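First comes the structure, then the notes that go with it.
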Amino acid sequence: MSDGVDCAYVVARVHRLLDGELGEAEADQLRHHIDACERCLDEADLMALLKSVVRRSCSSCAAPETLRLRIVSQITFTRIVIDPGR
Ligand SMILES: [Zn+2]
């Protein structure tokens with residue numbers, strides 16, 4: 001990518017972006033990268049899907065944080081193994 005944003009940086013923050021936990025400037029930077037980067041777009045889509053599944057299966061309670069982190073780190077780990085990245 002030519003925008004100077006590292007894909008690993010984006011992937012590590014995409015769940016916080018989806019949760020609206022990032023500041024406006026950082027969120028804009030990540031969204032801009034995701035729009036232009038197919039790999040990070042896939043990651044964002046997958047994360048959004050995961051979130052909707054977790055939300056649906058546990059609608060009345062917050063998803064257990066440890067479970068969420070385990071799923072997220074598993075996905076990230078799998079991605080790194082399958083696609084060592086750029
Ligand atoms: Zn990327």
message = Given the criteria surrounded by 14 or more Cβ atoms within 10 Å (Cβ to Cβ), in contact with a Lys or Arg (Cβ under 8 Å, 6 or more places away or on another chain) and modelled with pLDDT of 90 or more, does Val54 qualify?
response = no
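Can you name the residue in the stretch 23-33 that is in a helix (DSSP H, G or I) and small (Gly, Ala, Ser) and is also nearest to the ligand (Cβ to nearest atom) among such residues? Show your work before the answer.
Just the residues of the stretch 23-33 that are in a helix (DSSP H, G or I), to begin with: 24-33.
Of the ones still in play, those that are also small (Gly, Ala, Ser) are 25, 27.
Numbers: Ala25: 18, Ala27: 15 Å.
Among those residues, the one meeting the criterion is Ala27.
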request  = Filter the stretch 1-22 for residues that are within 13 Å of Val72 (Cβ to Cβ), assigned to a helix (DSSP H, G or I) and either away from the ligand (no atom under 13 Å from the Cβ) or over 10 Å from the mean Cα position of the chain (by Cα) (or both) and give the result.
outcome  = His15, Arg16, Leu18
message = Just checking, does the stretch 23-46 include any residue being at pLDDT below 90, loosely packed, with under 12 Cβ neighbours inside 10 Å and under 15 Å from the mean Cα position of the chain (by Cα)?
response = no
key: Pairs where the first residue, in the stretch 34-58, is within 16 Å of the ligand (Cβ to nearest atom) and part of a helix (DSSP H, G or I) and the second is among the polar types (S, T, N, Q) and at pLDDT 90 or above, C-beta under 6 Å, 6+ apart   = none
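The values are calculated or read from the model by the stated rules, or taken from the named source; none is laboratory data. Please read all numbers here as calculations on a predicted model, not as lab measurements. Every residue, glycine among them, receives a Cβ derived from its backbone with ideal geometry; neighbour counts consider all protein chains shown.
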